[in-house]
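A short reminder: the numbers here are calculations on the coordinates, not readings from a lab. Predicted model only: the values in this text are computed from it and were never measured. All Cβ positions, glycine included, derive from the backbone under ideal geometry; neighbour counts span all protein chains shown.
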Amino acid sequence: MNLVLIGFMCSGKSSVGRQLSKKLGWNFFDTDEMVTKQVGSSVGDIIRAQGESAFRQIEKKAVQLVALSDSVVISTGGGVPLDPENMKELSRNGKVIWLKASAMEILKRAGGSFQSRPLIDPADPRGSIERRLKEREPIYSKADLTIDTDGLEITTIVDQILKKVSLPIP
Ligand code: S3P
């Protein structure tokens, strides 16, 4: 079985995923990193140059590939759950965990750096985050497990996940 982290940008998926995989002694994959390695440019550049739907196609291939793994932690890009086929693939052999964060917490964690995040409007970051969160929360909430991450340190989030999934720690 895999552990699959979903949630909005800046919800801590990559940092939590890395620590979680270390504690479990599992390999770690990040779908954004897989896409970046395959294409040779950043996610932001891919979306700007080729458009969002081209990015989603490349992302979907990365999801299909990583979903074949076992005993790995997978951190997903914030838009991965929007495609039901992605979640079907990832759920087949994975427990899906939503790292829930409020719009204010996301804004705080982003620290004003929206340059690498083309889906957030730098002229109205709060409004665009709130709008997208509202659209996505019903989708994210289908996860097997939800962790409310507001105000929590990465290590605390990792500990909460480990307690809830009750997996043996080597
Ligand atoms: C996206 C989130 C990003 C990245 C891309 C699209 C989204 O990943 O995949 O910019 O639609 O929410 P992170 O959630 O890792 O920032």
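Below are the figures for this structure:
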{"read-out": "Calculated from backbone phi, Karplus (6.51, -1.76, 1.60) coupling profile of the range 27-37 in Hz, x at Gly/Pro", "value": "6, 10, 10, 10, 4, 4, 5, 4, 5, 4, 5"}
{"read-out": "Lysines whose Cα lies under 19 Å from that of K88, excluding same-chain neighbours fewer than 8 positions away", "value": "K60, K61, K142"}
{"read-out": "Sequence-separation-based contact order of the range 13-170, relative, with Cα cut under 8 Å and 6+ spacing, percent", "value": "29 percent"}
{"read-out": "Amide hydrogen neighbours beyond the local backbone of G77, cut-off 5 Å, H modeled", "value": "T31, D32"}
{"read-out": "Mean Cβ neighbour count within 10 Å, used as a protection proxy, ranking 17-27, 140-150 highest first", "value": "17-27, 140-150"}
{"read-out": "Table column - 3J(HN,Hα) (Hz), the range 124-139, Karplus curve with 6.51, -1.76, 1.60, x for Gly and Pro", "value": "8, x, 4, x, 6, 5, 4, 5, 5, 4, 4, 5, 8, 4, x, 7"}
{"read-out": "Size-normalised alpha-carbon gyration radius of the chain, reference 2.2 N^0.38 Å", "value": "0.98"}
{"read-out": "Among 46-57, 2-13, the order from most to least packed when residues are scored by Cβ within 10 Å on average", "value": "2-13, 46-57"}
{"read-out": "Distant-in-sequence amide H partners of S42 (H built 1.01 Å from N, under 5 Å)", "value": "none"}
{"read-out": "Per-residue HN-Hα couplings for the range 39-44 [Karplus 6.51, -1.76, 1.60; θ = phi - 60°; Hz; x = Gly/Pro]", "value": "8, x, 8, 5, 4, x"}
{"read-out": "Cβ crowding within 10 Å averaged over residues, with 101-112, 159-170 ranked highest first", "value": "101-112, 159-170"}
